[in-house]
Amino acid sequence: AVNSAQQCVFSGPTTKINQLEKQLQKEGVRCRALETSHAFHSSMMDSIIEPFTELLKTISLHAPQLDFVSNVTGNRIKADEATNPSYWATHLRETVRFADGINAMIQQNITLLLEVGPGNVLTNLALQASLDPGTPVACGAKRVKTEVISSLPHPKQSSEEIASLVGAMGKLWLYGAKPKWSQFHLEKRSRISLPTYPFEKKRYWLDPMPAEPKQVPQNSQAGTQIIIKAEEIAKAFQLMTGLGTNAEIRIPLTSTQKGAEPCHIPTASPSEVKTPQGLSVQDQVAEIWKELLGVSSVTPHSNLMELGAHSLMMTQLLSRLHQAFQVDLSIQELFDHPTLAAMTQLIEQRKGVKSAPTPEAFQVKMTAPKGSSTQDQVAEIWKELLGIHEITPHSNLMELGAHSLMMTQLLSRLHKAFKVDLSIQDLFDNPTLNAMTRLIEQRSGMSPAKEDNVDEILQALEGLSQQEIDKLLNT
């Protein structure tokens with residue numbers, strides 16, 4: 001089977017396959033054996049072709065009413081093929097040209113694909129094939145991103161099938177499909193009366209900040225009013241929240257008093273590490289990614305799993321990284337550092353070089369600071385593995401694109417962070433951020449942590465005297 005430009009499957013007698021495996025390993029091509037009941041699509045199926053053909057001759061075959069792409073030819077099915085018993089018998093013997101079939105659809109600007117069946121195996125294969133930059137398109141047509149949607153949950157998922165089906169229909173509609181809603185809403189519906197809106201006038205507008213600087217109450221000892229400087233507020237805020245002094249904090253103040261202008265405390269900007277070839281470590285890793293994945297561009301937040309990487313490709317990546325940087329990594333470490341930025345940082349740590357600056361280096365680091373809630377820490381792990389920026393308590397791990405390989409990464413990261421032993425089934429049963437947080441707190445015997453209230457902290461700072469501020473800053 002040819003599934004994509006980067007992945008194919010060989011089939012045949014065990015001795016021949018073992019010889020091929022040794023030859024590929026000798027040439028540096030990564031491969032692994034697949035467990036299967038029969039060597040389908042090989043010469044070992046020759047004995048069944050003739051009796052299967054005779055059986056098909058007893059069945060009336062008709063030209064298809066719906067168009068489809070043949071896995072035998074990799075092109076649209078023809079009427080004379082569909083009505084020929086020999087064609088169907090060759091399905092057992094000939095190579096499965098899955099990638100050619102996907103490419104044939106892309107050439108005709110068919111860019112919305114739906115997997116019908118449980119799981120997302122075909123979804124991932126179709127995504128890999130569609131990402132191949134060598135895939136031609138129709139004459140005069142522009143390359144359009146291919147959207148691939150799965151319709152049913154993984155067998156290990158506890159989510160309802162109807163929810164997955166409805167979600168898939170919503171995505172299809174979002175990408176331009178036109179469902180037959182009359183067939184979908186078969187139940188009888190009727191209108192009901194709702195209360196009218198009373199048009200109560202209640203103002204919800206945000207007023208501008210006052211022009212004068214906020215002042216603390218009169219100091220009982222000095223008997224004078226004291227203006228808190230922005231620098232002092234920022235430093236005290238860092239100490240009280242546990243963010244440290246390398247965080248960046250912007251506090252807009254409107255006062256024209258000297259020392260009360262907006263305060264900016266930046267982090268130190270590390271110099272970018274360059275190789276003798278003039279490329280940074282991240283640039284070199286990015287080039288390896290692009291070559292293996294067949295993509296034209298990647299960003300620091302690109303996720304290896306979401307770009308279609310599979311277990312065989314991971315072994316290829318290990319070999320390429322060893323050749324380029326002389327570092328020994330494991331597949332588990334690649335799973336634990338799936339983004340380009342995280343993998344670069346891991347390599348630089350192993351090589352003992354200073355990390356190149358990333359966009360995250362100039363933001364307040366909120367990854368599990370002292371006092372962070374369990375939910376905040378779990379959310380940060382999700383963001384890193386999934387390569388996204390925003391997560392809500394109701395975010396669903398499955399809907400955000402998690403797959404079985406990513407689940408093993410998540411189990412490892414949660415064990416390191418909370419010292420709890422969870423199973424993949426636990427993750428399937430608790431797919432939302434809220435549910436997973438509760439599970440971790442139950443297993444570790446913790447009580448849910450309360451979120452820090454920044455407004456209360458700032459309000460407390462405004463009520464401090466100069467003497468109290470000086471004492472806090474010197475702590």
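The values are calculated or read from the model by the stated rules, or taken from the named source; none is laboratory data. Given the structure is predicted, the values throughout are model-derived calculations rather than measurements. Methodologically, a virtual Cβ is constructed for each residue, glycine included, from the backbone with ideal geometry; neighbour enumeration extends over all protein chains shown. These area figures cover heavy atoms from the full protein model, side chains too; ligands, DNA and RNA do not enter into them. Shrake-Rupley method; radii C 1.70, N 1.55, O 1.52, S 1.80 Å.
Would you confirm, using the coordinates I've provided, whether Ile381 is under 30 Å from Ala435 (Cβ atoms), of a type in the set (A, V, I, L, M), modelled with pLDDT of 80 or more and open to solvent by 20 Å² or more (accessible area, probe 1.4 Å)? No, not satisfied.
If you go through the range 349-358 one residue at a time, do you hit one that is modelled with pLDDT under 50 and exposed (fewer than 14 other Cβ atoms within 10 Å of the Cβ)? Looking through the range 349-358, at least one residue is modelled with pLDDT under 50 and exposed (fewer than 14 other Cβ atoms within 10 Å of the Cβ).
Selection within the range 400-416: residues that are over 18 Å from Ser302 (Cα atoms) and touching a residue at least 40 places away in the same chain (Cβ under 8 Å). The member of this set that is least open to solvent (accessible area, probe 1.4 Å) is Ser412. Residues in the range 86-97 that are modelled with pLDDT of 90 or more and open to solvent by less than 40 Å² (accessible area, probe 1.4 Å): 2 in all. Among the residues of the range 395-419, those that are under 16 Å from Ser373 (Cα atoms) and either touching a Ser or Thr at 6+ places or on another chain (Cβ under 6 Å) or part of a loop (DSSP other than H, G, I, E, B) (or both) comprise Phe418, Lys419. With respect to the conditions (1) in a helix (DSSP H, G or I); (2) of a type in the set (S, T, N, Q); (3) free of Cβ contacts under 8 Å to residues at least 60 places away in the same chain, Thr392 lacks only one, and its number is (1). Whether a residue is at pLDDT below 90, among the hydroxyl-bearing types (Ser, Thr, Tyr) and open to solvent by less than 40 Å² (accessible area, probe 1.4 Å) was assessed, and Ser70 does not pass this test.
When we screen Thr339, Thr299 for residues that are at pLDDT 85 or above, buried (at least 16 other Cβ atoms within 10 Å of the Cβ) and of a type in the set (Ser, Thr, Tyr), the only hit is Thr339. Return yes or no: is Leu61 within 18 Å of Ala89 (Cβ to Cβ), at pLDDT 90 or above and open to solvent by 70 Å² or more (accessible area, probe 1.4 Å)? In short, no. When Gln157, Gln218, Gln225 are checked against the criterion of being open to solvent by less than 100 Å² (accessible area, probe 1.4 Å) and modelled with pLDDT under 75, Gln157 stands alone in meeting it. Can you tell me which residue within the range 1-34, out of those that are open to solvent by less than 60 Å² (accessible area, probe 1.4 Å) and either among the polar types (S, T, N, Q) or touching a His at 6+ places or on another chain (Cβ under 6 Å) (or both), is farthest from Ala126 (Cα to Cα)? The qualifying residue farthest from Ala126 (Cα to Cα) is Ser11. Within the range 299-324, being hydrophobic (A, V, I, L, M, F, W, C) and under 21 Å from the mean Cα position of the chain (by Cα) holds for Leu304, Met305, Leu307, Ala309, Leu312, Met313, Met314, Leu317, Leu318. Thr111 meets each of the listed conditions (1) under 19 Å from the mean Cα position of the chain (by Cα); (2) modelled with pLDDT under 85 apart from (1).
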